[in-house]
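Visitor: For reference, the structure I am asking about is given below.
The values are calculated or read from the model by the stated rules, or taken from the named source; none is laboratory data. Owing to the predicted nature of the structure, the values given are computational and were not obtained by experimental measurement. Reconstructed Cβ throughout: ideal geometry from the backbone, glycine too, with neighbour counts over all protein chains shown. Each accessible area value is taken on the protein alone, full model and side chains, heavy atoms only, with ligands, DNA and RNA left out. Shrake-Rupley method; radii C 1.70, N 1.55, O 1.52, S 1.80 Å.
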Amino acid sequence: MFNKTLLAILVGSSLLLGCNSSDNDDTTLEPDTGSETPAPDTGVVNLTDLDTVYGYAAENGGTTGGSGENKVEVTVCTGEEMINAIKNKDPNRPLTIWVNGTITLQNANDSRIDIKDVSDISIIGLGTQGEMAGIGFNIVRAENIIIRNLRIHHVRANLGAPGDGISMEGPVRNIWIDHNEIYNSLTVDDPALTEDQVKDYYDGLVDAKGDAQFITISFNKFHNSWKTSLVGSSDSDNFNRTLTYHHNHWYNVNSRLPLFRFGKGHIYNNFYDGALESGINSRMGAVIRIEHNHFADMKNPVMSLYSQEIGYWQLIDNIFENITWQESPNDGVVAGENAESTGELDVPYDYSANLIPVHNVKATVLSYAGVGVIDTPPSPGLCAPPAPAEPVDPGPEPVPIDPVEPPLSVDWGTYDGSLQPFAANSITLPDGSQSSFAPQQSGGAAEPNLFTANGDGTITFDSLANAADRSRAKLDNVAPADGVYPKFFTLLMGIKGNAGGNRILETEVALGDTAAVGASSRLKVVFRNDGNNSGVQLENADNGSSITAGKGNEPDPLDMSQFRVYHFTIALTSPTTGNVALYVAGNNTPLVQLDGVTMRPASNNTDNYLQLGDAGGSGYLGDIDWVLWTDAGAYTPDMLKGLLPAGIGDISGYEVQP
């Protein structure tokens with residue numbers, strides 16, 4: 001349990017009427033003047049300095065974006081124009097981009113707007129016409145960036161982009177996100193999607209990961225979102241991030257308001273109007289100053305849950321109205337009905353001119369947050385409508401790909417687990433030759449070898465000592481790369497998990513072509529044994545959404561600590577679309593069947609590999625008995641009974657049929 005120090009602030013007054021019972025003294029009563037304590041002012045505060053940057057973005061020299069002497073100004077109507085303006089920016093001149101229409105995936109010819117390796121840029125909507133519909137910003141290795149007065153909405157996750165309305169990936173410095181309206185949807189018009197898939201359909205509205213400092217997020221409307229604002233991607237994403245959130249309106253959201261790991265946060269004068277699950281979640285030693293905010297009609301406005309270490313907060317004169325609090329669990333803290341401070345943060349900047357009384361926050365934020373409030377130049381006129389799309393040749397009818405004829409024999413690619421994967425001749429290829437997995441690099445440095453041969457024909461993979469370590473064993477060219485479709489792949493793995501509630505192993509298959517000019521397909525599998533999240537997770541395999549089979553909180557969970565054979569089939573009709581199935585322990589009824597889905601795109605179009613290990617960010621522990629693969633077909637378990645190589649290990653479920 002966590003020790004907490006009670007900090008009670010009593011607001012109001014009382015009248016003490018005393019009575020002296022002594023026989024010699026007369027009782028004296030104060031006269032009733034009839035006066036009452038006036039109600040607090042709840043009106044709108046007149047704000048006159050909306051173009052002034054307050055908070056952490058005012059530090060480190062300040063945030064000016066594309067303003068200043070010798071600046072360049074351009075007005076854009078399409079995403080392609082915006083991308084070209086950023087790419088062609090003069091590094092010695094500030095750039096202001098005025099957005100005069102709707103930017104889309106189609107008119108950008110890209111999945112995101114990269115603001116990468118640049119500085120001194122403002123992107124501002126003109127009047128109420130600036131809109132980012134289905135496409136977001138990806139800010140990487142950038143500084144002195146301003147994004148204002150834009151509607152940013154319905155940015156799909158996992159379409160070759162971070163999937164956030166605004167994503168900041170450090171190192172980034174001096175970012176001001178101001179007077180925008182950023183939203184997604186809590187529902188998806190697809191009855192086939194599970195609740196988890198709906199939650200993963202979109203990602204965050206504004207996220208900051210890695211080394212992100214001197215950021216202010218102000219006067220925005222955030223709504224209709226499951227994963228609203230994430231600061232720190234995981235419990236190992238340890239940087240001294242510094243962010244200020246002020247005068248934002250948060251409503252019809254689920255959680256992450258924000259979720260804040262490590263670093264320092266200042267949250268003042270925000271109006272929180274409803275949250276399904278939780279509000280501010282301070283984790284992993286983060287310290288947040290929570291000041292003059294109005295929390296209404298929500299659950300758990302302030303807490304520290306779901307991380308290896310708690311975070312802290314300082315509460316200063318907040319309103320809690322119609323709040324539902326849960327009890328603090330043994331592994332976390334919920335501020336509770338008698339909300340109390342657990343830490344203290346002194347911010348380095350003066351914001352007194354921008355701080356308003358808490359009773360005025362609701363009316364003032366409702367009046368000033370969102371687009372169309374700040375002054376901008378007049379629009380030069382509406383953007384021209386897009387040209388009609390050229391008719392698309394539908395091409396030949398799709399080739400039926402399931403089922404295929406059962407094989408009489410299979411030329412397998414084989415890793416039998418008797419040698420650690422980087423050892424010479426650890427792999428037997430389908431043509432009978434020998435090979436081995438290749439170790440990978442991260443940031444130009446060799447990754448550690450976290451695979452250990454146990455001497456009994458099994459391999460242990462263990463990254464628990466440092467969850468941030470990446471360790472990957474990769475074999476290239478595991479499938480035809482000739483651009484001919486349909487294309488097939490069958491992968492079988494004998495895997496044993498752990499009893500400690502840890503993730504087990506990551507596996508990836510990429511099926512790109514040598515001459516690929518567009519996206520290609522990848523299947524990423526995460527074997528998990530971490531509580532309710534346990535099971536076999538196919539990341540972003542279902543039209544961009546993740547799907548997990550055998551979850552720990554479902555009626556028939558898989559016991560991920562036990563050994564079993566996991567069997568995956570991929571059958572592609574094109575470089576990006578096809579069918580995926582998951583079978584378990586030789587059962588011919590698939591645990592997951594995905595038909596006609598758009599696959600997760602490979603990092604590079606020509607990627608063609610099988611990879612085992614861990615891409616970093618979480619600790620893994622599991623045993624590999626053997627791995628088999630073939631590109632000859634998408635074979636079901638019944639097709640393969642009796643066709644696995646002899647002597648590779650435990651093939652329970654795939655023995656010769658009687």
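Visitor: Could you please tell me the mean projected area of the C-alpha convex hull for the chain, averaged over all directions and given in square nanometres to one decimal?
Guide: Numbers: hull surface 154.9 nm².
Over every viewing direction, the Cα hull of the chain projects on average to 38.7 nm².
Visitor: Quote to one decimal, in nm, the extra length available between residue 499 and residue 71 on full extension: 0.36 nm per residue of separation minus the C-alpha distance between them.
Guide: Values: separation 428, 0.36 × 428 = 154.08 nm, distance 6.03 nm.
This chain segment gains 148.0 nm when fully extended.
Visitor: Given the peptides 517-526, 183-192, 417-426, arrange them by the average over their residues of other C-beta atoms within 10 Å, most packed first.
Guide: Details: 517-526: 20.2, 183-192: 14.0, 417-426: 17.1.
Output ranking for 517-526, 183-192, 417-426: 517-526, 417-426, 183-192.
Visitor: Under 8 Å for C-alpha pairs, at least 6 residues apart: give me the relative contact order for the range 578-655, rounded to a whole percent. List each step's numbers first, then the result.
Guide: Details: 60 pairs, mean separation 24.8, N = 78.
In percent, rounded to a whole number, it is 32.
Visitor: 5 Å is the cut-off here: which amide hydrogens, built 1.01 Å from N in the peptide plane, fall below it relative to residue 220, excluding neighbours closer than 5 in sequence?
Guide: 179, 180, 248, 249, 370
Visitor: Given a 1.4 Å probe and every protein chain left where it sits, what share in percent of the accessible area of the chain is carbon and sulfur?
Guide: On the way: 13870 of 29150 Å².
Its accessible area is 48 percent carbon and sulfur atoms.
Visitor: Under 12 Å from the Cβ of residue 174, count the other residues' Cβ atoms, weight Lys and Arg +1, Asp and Glu -1, and hand me the total. List each step's numbers first, then the result.
Guide: Values: positive: 173; negative: 59, 120, 143.
Here the count lands on -2.
Visitor: If you don't mind, there's one more thing I want to ask. Is the shape of the range 125-190 best called rounded, prolate or oblate, per the rule: a/c under 1.5 gives rounded, else a/b larger than b/c gives prolate, else oblate, with a ≥ b ≥ c the square roots of the Cα gyration tensor eigenvalues? Display every interim value, and only then the final one.
Guide: Working: a/c = 2.59, a/b = 1.26, b/c = 2.05.
Note, shape of the range 125-190 comes out oblate.
Visitor: While we're looking at this one, here's another question. For all pairs of alpha-carbon atoms in the range 280-417, what percent lies in each bin of width 5 Å, listed from the first bin to the last filled one?
Guide: 2, 7, 10, 11, 10, 8, 6, 4, 4, 7, 9, 9, 7, 4, 1, 0
Visitor: Same structure again: Once phi is turned into θ = phi - 60°, what whole-Hz ³J(HN,Hα) does the Karplus curve with 6.51, -1.76 and 1.60 give for every residue of the range 532-540, x standing for Gly and Pro?
Guide: For the range 532-540, the Karplus-derived couplings read 5, 8, 5, x, 10, 9, 9, 6, 6 Hz, x marking Gly and Pro.
Visitor: More than 18 angstrom separation, counting every C-alpha pair in the range 424-538; what % is that?
Guide: For the range 424-538, the share of Cα pairs beyond 18 Å comes to 63 percent.
Visitor: With Kirkwood's inverse mean 1/r over C-alpha pairs for Rh, give me the Rg to Rh ratio of the range 67-160, two decimals please. Intermediate results must be reported in sequence, preceding the final value.
Guide: On the way: Rg = 12.4 Å, Rh = 13.2 Å.
Checking Rg against Rh, the ratio lands at 0.94.
Visitor: Right, here's the next one. Any of 221/264; 264/524; 116/199; 87/209; 227/362 with alpha carbons more than 31 Å apart? Name them for me.
Guide: Working: 221/264 22 Å; 264/524 34 Å; 116/199 28 Å; 87/209 23 Å; 227/362 23 Å.
Where the Cα-Cα span goes over 31 Å, the pairs concerned are 264/524.
Visitor: Using the basic label-point model (7 angstrom from Cα toward the beta carbon), what is the residue 390 to residue 88 distance in nanometres?
Guide: 2.2 nm
Visitor: For the range 229-271, just say rounded, prolate or oblate: build the C-alpha gyration tensor, square-root its eigenvalues into a ≥ b ≥ c, call rounded for a/c under 1.5, and beyond that prolate if a/b exceeds b/c, oblate if not. Spell out each step's value before the answer.
Guide: Working: a/c = 4.18, a/b = 1.52, b/c = 2.74.
Oblate shape, in that a/c is at least 1.5 and b/c is the bigger or equal ratio.
Visitor: Moving to a separate point now. Determine the gain in length on full extension of the stretch residue 652-residue 338; use 0.36 nm per residue of separation and subtract their C-alpha separation, reporting nm with one decimal.
Guide: Values: separation 314, 0.36 × 314 = 113.04 nm, distance 5.66 nm.
Extra length available between residue 652 and residue 338 comes to 107.4 nm.
Visitor: Could you give the length gained on full extension between residue 423 and residue 194, defined as 0.36 nm per residue of separation minus the Cα-Cα distance, in nm? Don't skip to the end; give the middle numbers.
Guide: Working: separation 229, 0.36 × 229 = 82.44 nm, distance 4.22 nm.
Value of the extension gain: 78.2 nm.
Visitor: Would you please state which residues of the range 125-160 a label at residue 375 would reach in this model, taking the label point 7 Å out along Cα→Cβ and a backbone N cut-off of under 19 Å?
Guide: Output list for this probe position: 125-129, 148-150.
Visitor: Next question, about the same structure. What are the ³J(HN,Hα) couplings of the range 621-633, residue after residue, when phi is run through the Karplus curve with 6.51, -1.76, 1.60 and θ = phi - 60°? Round to Hz, x for glycine and proline.
Guide: Listing the rounded values in order: 7, x, 10, 10, 8, 6, 9, 10, 8, 8, 9, 7, x Hz.
Visitor: Could you give the C-alpha radius of gyration of the range 399-448 expressed as a fraction of 2.2 N^0.38 Å, taking N as the number of residues it contains?
Guide: On the way: Rg = 16.3 Å, N = 50, 2.2 N^0.38 = 9.7 Å.
Cα-based Rg divided by the globular estimate yields 1.67.
Visitor: Let's test the formula: R0 of 25 Å, r as the Cβ-Cβ distance of residue 482 and residue 445. What FRET efficiency results, to the nearest 0.05? Show your work: numbers first, answer last.
Guide: On the way: r = 34 Å, r/R0 = 1.38.
For residue 482 and residue 445, the calculated efficiency is 0.15.
Visitor: Separate question: Can you classify the range 339-454 as rounded, prolate or oblate using the Cα gyration tensor, where a ≥ b ≥ c are the square roots of its eigenvalues, rounded means a/c under 1.5, and otherwise it's prolate if a/b beats b/c and oblate if not? Could the numbers behind the result be given before it?
Guide: Numbers: a/c = 3.50, a/b = 1.63, b/c = 2.15.
It comes out oblate by the Cα gyration axes.
Visitor: So, in Å, what gap is there between the alpha-carbon centers of the range 561-625 and the range 110-157?
Guide: 34 Å
Visitor: Further question: Can you pull the accessible area of residue 559 for me, 1.4 Å probe, Å² to the nearest 10?
Guide: Probe radius 1.4 Å; accessible area of residue 559 about 70 Å².
Visitor: Could I have the simple spin-label model distance between residue 316 and residue 41, label points 7 Å from Cα toward Cβ, reported in nm to one decimal?
Guide: My value for the distance between the label points is 2.0 nm.
Visitor: For the ranges 133-142, 101-110, what's the packing order if you count other beta-carbon atoms within 10 Å of each residue, average per peptide, and put the highest first? Present the calculation step by step, with values, prior to reporting the outcome.
Guide: On the way: 133-142: 22.3, 101-110: 18.3.
Output ranking for 133-142, 101-110: 133-142, 101-110.
Visitor: Residue 326 versus residue 573, label points 7 Å from Cα toward the beta carbon: distance in nm?
Guide: Those two pseudo-labels are separated by 4.3 nm.
Visitor: Please report the spacing between the Cα centers of the range 235-254 and the range 188-212 in Å, no decimals.
Guide: Between the Cα centre of the range 235-254 and that of the range 188-212, the gap is 17 Å.
Visitor: Heavy-atom accessible area of residue 312 with all protein chains present, probe 1.4 Å, nearest 10 Å²?
Guide: Rounded to the nearest 10, that gives 80 Å².
Visitor: Over the chain, what relative contact order in percent results from Cα pairs under 8 Å that are six or more residues apart?
Guide: Numbers: 1826 pairs, mean separation 67.0, N = 658.
Over the chain, the number comes to 10 percent.
Visitor: For the range 227-322, what size does the Cα cloud have along each of its three principal axes, sorted from largest down, in whole Å?
Guide: 34, 23, 18
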